[in-house]
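See below for the structure under consideration.
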Amino acid sequence: MPDRSKVTLATLIAKMESGTPITMITCYDYPMAYLVDQAGVDMVLVGDSLGMTVLGYDSTLPVTQDVMIPHVQAVRRGSPNSWLIGDMPYMTYQPSVETAIRCAGRYLAETGCDAVKLEGGAEMADRIDALVKCGIPTMGHLGLTPQSAGALGGFKLQGKSAAQAKKILDDAKALEDAGCFSILLELVPDRVCELITDRASIPIISLGSGPRAHGQLLIFHDMFALYPKFKPRMAKVFADAGQVIADGLKRYVEEVATQQFPEREHWFGMKDEEFGELQKLLAE
Ligand code: KIV
């Protein structure tokens, strides 16, 4: 593994201040986390999007913290150097400040992650304030917030009208004032993202919200064509791993059927004298 020092909050702030774009990606398991760490990605989110990308649900709502914890632990083992964020699942922070503290505290204590993320605007300011007072770095998430996709009219662009955009700007200010170390803006118009970035003194990360942010986030399975149900427009496919795996599986099925696999190097033999001995034992 190349030499890399651990990404800290200071690293992220330094990047923001020097105008160096911050990289962020979602990740859900050990082998991919290992590759993400080697590639030098700054921030890694174990998102509750795993409900869709890994578990095949149609939304993130069925995901519980018990489901999330082993994934966050695995990603921590694979990516010791990134700034690792555990996503707070549906109904772990909405009910009260106390449920939020319990969920976030459990993440830090049981997984070794560095921070948590929760969705929502000014109405979540008391949760964020409480978490930050407990010493838990917290990322906000505005725009398309998948846990409320139903109420928002689906997985769609948010903040298209001036009034909606103003609400997102006000929410961003409320989240920053409440103590968020960073805010993710998902699927808002580029100009709204730019206005928020210009006004913020914390890193603003864009997911499908254009280039004028301090950093970019992509969902791992979208980047590598590993999600069969749909391909969001905001996602660039950086490598078609889905096709590579599909081709490999087709070859495997063919080679087993035609007895080309396994080849001699894929199995282990037994010494003649031991095999002779075995035959004698069986004949007794
Ligand atoms: O769960 C997740 O991966 C997320 C992203 C959509 C940002 O929250």
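The values are calculated or read from the model by the stated rules, or taken from the named source; none is laboratory data. Keep in mind that what you see is a predicted model, and the values were worked out from it rather than measured. Here Cβ is always computed from backbone atoms with ideal geometry, including for glycine, and neighbour counts include all displayed protein chains. Ligands, DNA and RNA are excluded from the accessible area calculation, which covers all protein heavy atoms including side chains. Shrake-Rupley method; radii C 1.70, N 1.55, O 1.52, S 1.80 Å.
A few notes on this one:
- Only residues that are over 21 Å from D29 (Cβ atoms) and open to solvent by 100 Å² or more (accessible area, probe 1.4 Å) were counted across region 238-251, and they come to 2.
- Considering only residues in region 124-167 that are aliphatic (A, V, I, L, M) and within 16 Å of R102 (Cα to Cα), the one that is nearest to the ligand (Cβ to nearest atom) turns out to be M124.
- Those helices (runs of 4 or more DSSP H) of region 188-260 in which 3 or more residues are outside the structural domain of T53 (by TED's automatic domain parsing) occupy 241-257.
- Any hit, region 160-182, residues being of a type in the set (V, I, T) and open to solvent by 50 Å² or more (accessible area, probe 1.4 Å): no
- Counting the residues of region 56-81 that are farther than 19 Å from R102 by Cα and under 14 Å from the mean Cα position of the chain (by Cα) gives 6.
- Residue check, P21 under 24 Å from D198 (Cα atoms) and open to solvent by 60 Å² or more (accessible area, probe 1.4 Å): yes
- Of all the numbered requirements in (1) open to solvent by 20 Å² or more (accessible area, probe 1.4 Å); (2) at pLDDT below 95, A149 misses one, and that requirement is (1).
- Scanning region 8-40 for residues that are within 24 Å of H221 (Cα to Cα), touching a helix residue (DSSP H, G or I) at 6+ places or on another chain (Cβ under 9 Å) and assigned to a loop (DSSP other than H, G, I, E, B) yields P21, C27, Y28, D29.
- So L61, is it closer than 21 Å to G120 by Cβ, within 14 Å of the ligand (Cβ to nearest atom) and in a loop (DSSP other than H, G, I, E, B): yes
- Output for region 197-212, where each listed residue is within 27 Å of I136 (Cα to Cα) and away from the ligand (no atom under 16 Å from the Cβ): T197, D198, R199, A200, S201, I202
- Residues that are open to solvent by 70 Å² or more (accessible area, probe 1.4 Å) and over 20 Å from G47 (Cα atoms) within region 200-237 comprise S201, P211, R212, listed in sequence order.
- Of residues in region 24-58 being polar (S, T, N, Q) and within 12 Å of the ligand (Cβ to nearest atom), the one surrounded by the fewest Cβ atoms within 10 Å (Cβ to Cβ): T53
- So Q73, is it open to solvent by 30 Å² or more (accessible area, probe 1.4 Å) and away from the ligand (no atom under 11 Å from the Cβ): yes
- Tabulated pairs, region 80-109, first touching a residue at least 40 places away in the same chain (Cβ under 8 Å), second polar (S, T, N, Q) and open to solvent by 50 Å² or more (accessible area, probe 1.4 Å), C-beta under 9 angstrom, 6+ apart or interchain: N81/S5; W83/T8; P89/T64; Y90/T64
- Test: residue in region 109-118 that is hydroxyl-bearing (S, T, Y), more than 16 Å from the ligand (Cβ to nearest atom) and at pLDDT 95 or above: no
- Residue that is least open to solvent (accessible area, probe 1.4 Å), among those in region 80-124 that are touching a Cys at 6+ places or on another chain (Cβ under 7 Å), part of a loop (DSSP other than H, G, I, E, B) and closer than 21 Å to C27 by Cβ: M88
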